[in-house]
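Heads up, the thing below is written out as structure tokens.
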Amino acid sequence: MEVPDYLCDRDDRLHTWAAVRLCQEVSELHSKATGIGYETLREKNLIWIISRAYYIIYRRPRAFEKVMLSTWSRGNDGLFAFRDYRMESTEGEALLEGTTYWPLINYETHKPVRLNDTLADYECSSQRASDRDTLERLRLPDMSDADGRMESVAHYSMIDHVGHVNNSEYVRLLFDSVMQTGFDLGRPYSLELNYNHETEPGDRLAVLRKQDGDAHWIQITNSRGVSVSARISRP
């Protein structure tokens, strides 16, 4: 694929939120092609949601640069399905590596369902994209004395076909916050996220940021509590 310029920043480099959105798109294409895509599962009243994610961004590609973005399933533990990503240049340079956890939930009750039946015969790979074999729950420091705070609203443009704020939109907010510190996107960095509570249209969001050395801890809250916990740091 060729990196669209409308997904790039003022330096003509791919936005991090856009990289995450592209990972979503290739996930859906792969899931659809292998029989577990959105439309197929909705007929069974099921839907995938993302719970945890970890990305390493080595270099953000330039506008119009040609890249290869691939994804594959790395199995499951009965509750979470593991999906990995790799973006590389035409020369084979690693640009992004990622690992994500996806539970399958009942669309109406929002309760998780066991994956054994749905993925019983699903073809998986043992290849690991990132340096993380498992993703543990993030434990944020005390955010009551945060270094920075932003507020936003869950606008119409942030909502996806599930009816909630899309997970890449949280990444947009994270970097709107961390870039206030002058964070250098020209060096490799990692992004780790826990998605806790969905955000509905019109919800008010508070984005709290706290720096600890090279790590930036970020918490996004809505009317139901902590929606997203995140850490941006150097790998």
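The values are calculated or read from the model by the stated rules, or taken from the named source; none is laboratory data. Since this is a predicted model, take the numbers as computed values, not measurements. Backbone-built Cβ (ideal geometry, glycine too); neighbour counts: all protein chains shown.
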Legend entry - For I159: the one exception among (1) outside the structural domain of R187 (by TED's automatic domain parsing); (2) in contact (Cβ under 8 Å) with a residue 40 or more places away in the chain; (3) surrounded by 13 or more Cβ atoms within 10 Å (Cβ to Cβ): (1)
Legend entry - Residue ranges of strands (runs of 3 or more DSSP E) in region 118-235 with at least 2 members in contact with a strand residue (DSSP E or B) (Cβ under 7 Å, 6 or more places away or on another chain) and under 27 Å from L46 (Cβ atoms): 189-195, 215-222, 225-233
Inset, instruction - Out of G186, G182, report the one residue that is on the phi > 0 side of the Ramachandran plot and loosely packed, with under 14 Cβ neighbours inside 10 Å. - result: G182
Legend entry - Positions within region 81-107 being more than 13 Å from C23 (Cβ to Cβ), more than 15 Å from the chain's Cα centre (by Cα) and of a type in the set (A, V, I, L, M, F, W, C), in sequence order: A94, L104, I105
Inset, instruction - For D5, work out the one condition from (1) out of contact with any His (no Cβ under 8 Å at 6 or more places or on another chain); (2) crowded, with 19+ Cβ neighbours inside 10 Å it doesn't fulfil. - result: (2)
Inset, instruction - State which residue pairs qualify: first residue in the same structural domain as I50 (by TED's automatic domain parsing) and inside region 166-177, second residue surrounded by 23 or more Cβ atoms within 10 Å (Cβ to Cβ) and among the β-branched types (V, I, T) in any location, beta carbons under 9 Å apart, and separation of 6 or more residues or different chains. - result: none
